[in-house]
Amino acid sequence: MAQDPQQSPLFTHIDVSTHASPDETQLDGNEDVNVLLRQLVAGQQRQNQLLEDLVHQLNASQRQRANELGQWRDANPHLARRCREAAEALSHVQTQFLENLTEEITDNAEDYVEGDFLLNEFVDRFGPRLAHLNGVLQVLSQLSSVPSHSNATS
């Protein structure tokens, strides 16, 4: 798997003959630097173009999703209001859950540091519920949210 030092890009050919003057060598070095700088600029321009394309693609999918949610809310206004009520109620449940979680952490922080069993028990007890609660709350919030003017006009 070892490369031949003659073929490695780390080793370059150095001309030590006497027929090249120092001024010619300096000019060749400047040309190399200029070529490398042009390549860097071209690469940076390509990267910028790709990033712009990515931003446009993401904006298009966000606009499409916002339009679909708006159409769903228009078709189901009663359900959208109920989702908002449920999201507000679940937000209070989440606040209480987080209060209990932080209290548990504060009371048992040293035990969690010292023992993997207790830390795993804590994560098993609170982790899945927190993840699922956040997911449900996010869905309810998206379905019940009032479209912003920036989404409606874009």
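Of 142, 96, 39, which residue is modelled with pLDDT under 90 and either assigned to a helix (DSSP H, G or I) or surrounded by 12 or more Cβ atoms within 10 Å (Cβ to Cβ) (or both)? Write out each step before concluding.
Numbers: 96 fails: modelled with pLDDT under 90; 39 fails: modelled with pLDDT under 90.
Of 142, 96, 39, the one residue that is modelled with pLDDT under 90 and either assigned to a helix (DSSP H, G or I) or surrounded by 12 or more Cβ atoms within 10 Å (Cβ to Cβ) (or both) is 142.
Checking each residue of region 49-72 against the condition of being touching a Leu at 6+ places or on another chain (Cβ under 9 Å) and either without any contact (Cβ under 8 Å) to a residue 12 or more places away in the chain or of a type outside the set (D, E, K, R) (or both) gives at least one match. A residue that is in contact with a Phe, Trp or Tyr (Cβ under 6 Å, 6 or more places away or on another chain), in a helix (DSSP H, G or I) and hydrophobic (A, V, I, L, M, F, W, C) occurs somewhere in region 103-118.
The values are calculated or read from the model by the stated rules, or taken from the named source; none is laboratory data. Everything quoted here is computed from the prediction, not taken from an experiment. Using ideal geometry, Cβ is built from the backbone for each residue, glycine included, and neighbour counts are taken over all protein chains shown.
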